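Remarks on the structure that follows.
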Amino acid sequence: MTTVRLTGSGVSIADIAAIARKQVRVVADERVIARLVEARLVLESVAAPGQPIYGMNTGLGANLKTAVTGEFAAFQLQLIRGRGMAVGEPMPRDVTRAVLAARIAMLAVGGSGVSPGVFEALLALLNAGVHPVMRSVGSIGAGDLVLLSAVARVLVGEGDAEYQGNVLSALEALARAGLKPATLQPKDGISLLNASAVSAGKGALVLHDLRHLLGWQRQAAALSFEGMAGNPAILAPAIQAARPAPGQIEEARLLEEALHGSSLFEGDTAIQDPLSLRCIAPILGALADALERAERVVELELNSAADNPLVIIDEGRVLSTGNFHTPALSLAFENLGLAVAQAAAASAARFIQLTGPARKGLPRYLSPVGGASAGFVPMQKTVTALMAEIRHQANPVMLDFLAVSEGVEDHATQSLLTIRKLDEMLASWQLLIACEMAAAAQAVDLQKGHRCGIGTRNTYDMIRSKVPALEEDRSLGEDISVLASHLERDVSPLAGGRP
């Protein structure tokens, strides 16, 4: 992919990831520009008789009843400057690019009434690689106005921006990129700010990364089947069909496919394995289902007019809306965080099973020398610490808000916070998956005469290319870090795709 063409619909999470991390160019279809022109004409015709239009000729929030007269364009500058209240660490470049791409995609739908020239200036900003320095704290999920202020101010030549690795004044960054500051027309300021583009952009990247890690979790679980001499009959299609919980049939199929050719299908296995292994298909199925729902919600945001006020072209009207509010997005990420925590807990449980007392065919602690050898057992503490972090990050936050703006904004969704804590959870989950993989590979080494399946053999070979087998006690922490870094960079063959 070298270019993403905006048509006003069809922008995917994969598109946002490519724009954010591979510097793919974005172009707008000529039909998008035509729709922006049409929406602008509707906006101007409705405003001409003096109809109150939020953020164009009225104040914002608690200032709703304050009329704006005279210098409407100057008010847009006042509006974007007055919302520059974000604090915290600057967002990474890929997140900033995802945010820009998300807002551009939303504006391309045509409901904002933004001036076509301002839209094209924002598009040029992204393609030129001028990245506003966006502080990370200031959104409560009722639109991302405070954070998006940084984008609007850089567009007009104020604030700071990163360009080619250097943080510069916006004016200098624009000049080096061959761009000029944009001039805001009435309503352009609120059109740039009043949307959940930060939540949608960052959310898209988090979901992209989560799908990637889900593939590695499948591989780790499949290799644990091999190491624990699990009973693969639990993956039989008839069992899944008897109670086809969301995602369960597909997860069982993928795991059975990875185990194809394994000597597990020929040997004497237990009637029932521990639940962390026996129930892996419904556990991962629930996670896959939660991920798909979150992906649909984020892509809905990317391809919708979430503006307030909204220009309704077909009806020739401009109406105030609550489309910037994102309860469904927050709920999807809260649910997804719980699903990740559930899958991680099963991974941790399998690690404890693998590295604890002697199991069928395995020595205690996975130590090949026995005696006073610690083997893998000290890593149980690390796994427990990782699970504690994951459980903490799974705690819901979407109800944590206060009424602001004199009670006008008395509800919020905390969508960005739900996304950020899930992102933090992924780092712990990635390390936990690496721990399970290392233990499962060690168990395979100690299962004499065992033959892995085609897929699990590839997983085993990948692990052994990064982490040597444990012959005697050694520090394994660095090995886990190396393996976890590889999981971040490489793509799992079991990552799967959208249905």
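The values are calculated or read from the model by the stated rules, or taken from the named source; none is laboratory data. In this text, all values refer to a predicted model and were calculated from it rather than measured experimentally. Please note: Cβ atoms are built from the backbone with ideal geometry, for glycine as well, and neighbour counts cover all protein chains shown. Quick note on the areas: whole protein, heavy atoms, side chains included, nothing else; ligands and nucleic acids left out. Shrake-Rupley method; radii C 1.70, N 1.55, O 1.52, S 1.80 Å.
Structure summary
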quantity: Furthest towards positive pole of dipole, 165, 18, 131, structure part segment 3-194, Cβ charges; calculated: 18
quantity: Proximal charge balance of residue 338 [Cβ under 13 Å; K/R count +1, D/E count -1]; calculated: +1
quantity: Cα gyration tensor shape of the chain, rounded if a/c is under 1.5, else prolate or oblate by comparing a/b with b/c; calculated: prolate
quantity: Rounded accessible area of residue 360 (nearest 10 Å², 1.4 Å probe); calculated: 120
quantity: Proximal charge balance of residue 140 [Cβ under 10 Å; K/R count +1, D/E count -1]; calculated: -3
quantity: Theoretical ellipticity at 222 nm over the chain - DSSP helices of four or more residues, -39500 (n - 2.57) apiece, nearest 500; calculated: -17500 deg cm²/dmol
quantity: Loop GluC sites (Glu not before Pro), segment 215-267 (other Cβ atoms within 10 Å of the site Cβ: 10 or fewer; DSSP); calculated: 266
quantity: Exposure of residue 466 as accessible area (Å², to 10), given a probe of 1.4 Å and all protein chains; calculated: 70
quantity: Spread of Cα-to-Cα distances over 5 Å intervals beginning at zero, given as percent, for segment 133-281; calculated: 2, 8, 13, 12, 10, 8, 5, 5, 6, 8, 9, 7, 5, 2, 0, 0
quantity: Whole-Å semi-axes of the ellipsoid equivalent to segment 3-194 (Cα gyration tensor, √5λ, descending); calculated: 26, 20, 15
quantity: Dipole moment magnitude, nearest 20 debye, the chain about Cα centre, only Lys, Arg, Asp, Glu C-beta charged; calculated: 320
quantity: The chain - accessible surface per residue (Å², probe 1.4 Å); calculated: 41
quantity: Rounded percent of accessible protein surface that carbon and sulfur make up, the chain, 1.4 Å probe; calculated: 55
quantity: Whether segment 419-499 is rounded, prolate or oblate, judged on the alpha carbon gyration tensor where a/c under 1.5 counts as rounded; calculated: oblate
quantity: For residue 93, solvent-accessible area (1.4 Å; no DNA, RNA or ligand), Å²; calculated: 110
quantity: Formal net charge of residues neighbouring residue 188 (Cβ-Cβ distance under 14 Å; K, R +1; D, E -1); calculated: +2
